[in-house]
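In what follows, a single structure is set out as structure tokens and then discussed.
The values are calculated or read from the model by the stated rules, or taken from the named source; none is laboratory data. Nothing here was measured: the structure is a model prediction, and the numbers come from that model. Backbone-built Cβ (ideal geometry, glycine too); neighbour counts: all protein chains shown.
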Amino acid sequence: MDRTERLARIVADHAFREGPLLPILHDVQHAFGGIDREAEAAIAEALNLGRAEVHGVVSFYPDFRDAPDPRPEVQLCRAEACQTRGVEALVPAAQAAAGERVRLTSVYCLGLCSAGPAARRGGEVFARLDEAGVVRLIEEA
């Protein structure tokens, strides 16, 4: 199945839903590693939306990107609860450990508010991180 057919299949899989745009975008991101202008245009046409509307949603959410990024990702929770538990003190060490090899992104709540600072790597969530823990988490990515 080529890219165009795969994209059409993703859209068709969600077309029956109320508010299908976000599920479609998530599936396209997962399938292709990014949502480029061509995909935005095809999605807009299939859903009878303006290209600007689809691009506005893609550009609003930090999880969506326009091209694949092969680096592993570590998401560091920087919500208020993790801030009160000291996440901001971990950020310089996390950035240094990540360098250019790991994509370090900020997220705003991983749902472990009582056990922060928290981070996610892949589908796994880590809690009660200290500086050594966050560095080890990033180095193992």
Failed condition for His26, given (1) out of contact with any Lys or Arg (no Cβ under 8 Å at 6 or more places or on another chain); (2) under 23 Å from Ala98 (Cα atoms); (3) not acidic (Asp, Glu): (2)
Output the residues belonging to the stretch 62-71 that are within 18 Å of Leu110 (Cα to Cα) and surrounded by 15 or more Cβ atoms within 10 Å (Cβ to Cβ). Phe64
Test set (1) out of contact with any Leu (no Cβ under 6 Å at 6 or more places or on another chain); (2) within 27 Å of Gly19 (Cβ to Cβ); (3) surrounded by 15 or more Cβ atoms within 10 Å (Cβ to Cβ); (4) not assigned by TED's automatic domain parsing to the domain that holds Pro23 - Arg120 fails condition number: (1)
Take the stretch 18-44 and flag every residue that is exposed (fewer than 13 other Cβ atoms within 10 Å of the Cβ) and farther than 27 Å from Ser106 by Cβ. Glu18, Glu38
What strands (runs of 3 or more DSSP E) completely inside the stretch 76-141 contain at least 3 residues that are basic (Lys, Arg) and touching a strand residue (DSSP E or B) at 6+ places or on another chain (Cβ under 8 Å)? none
